[in-house]
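Reading through the structure tokens given below for one structure.
Values in this text are rule-based calculations from the coordinates and carry no lab data. Worth saying up front: this structure is predicted, and the values here are computed from it rather than measured. With ideal geometry, Cβ positions are generated from the backbone for all residues, glycine too; neighbour counts draw on all protein chains shown.
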Amino acid sequence: MPGPGVKVREIRYDCDADALLIMVDQQGVACHTGERSCFFTHLPGSPHQGNPPVTETLLSQLYDVILDRKQRPPQQSYVASLIARGQDQVLKKVVEEAAEVVLASKNGRPDEILYEMADLWFHALVVLGWHNLSPHGVLQELQRRSGKSGLRAQQESPPPRVSE
């Protein structure tokens, strides 16, 4: 059974019914060594080639780090210091990064756009962490909207009103 900080999302079995795949939402590290997973050592001579493919798991990993910094703030942490300054500062950083994305786009430089977009996404994850909302919820909302026209999706489920 999964330990603390693990929520089972889905369980599948293979075509021969002799192996299970358990999909989880992980919070923090799972290994006693402090690594995210116990499977961090590569077999010598294996075809390991640098970084693993980027998947939605990366967003979850970043989010887990953000939550960890929020709950146990180390002294030398950018995220912890940003959160300590309060919600207004967190939100101000999102606005700042969004403006930088706009400027990068106007400049038409792909590397700059990607760099600034990464900053925006990261700070959006900090906002989610502030509210203890998982990035998986955002992915679920995008999936719900997938294949629908924007107008039809809004008619079916209009965005919540923002109160001032």
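Side notes on the structure shown:
- Summing charges over all other residues whose Cβ lies under 15 Å from the Cβ of residue 94, with Lys and Arg as +1 and Asp and Glu as -1, gives -3.
- Neighbourhood charge, 12 Å Cβ-Cβ cut-off, centred on residue 112 and excluding it, Lys, Arg +1 and Asp, Glu -1: -2
- Label separation (residue 38 vs residue 15): 2.9 nm, computed from points 7 Å beyond Cα along the C-beta direction.
- Extended-chain gain in nm, criterion 0.36 nm per residue less alpha-carbon gap, residue 131 and residue 71: 20.3 nm
- Taking only Cα atoms of the range 57-97, radius of gyration then Dmax in Å: 10.7, 28
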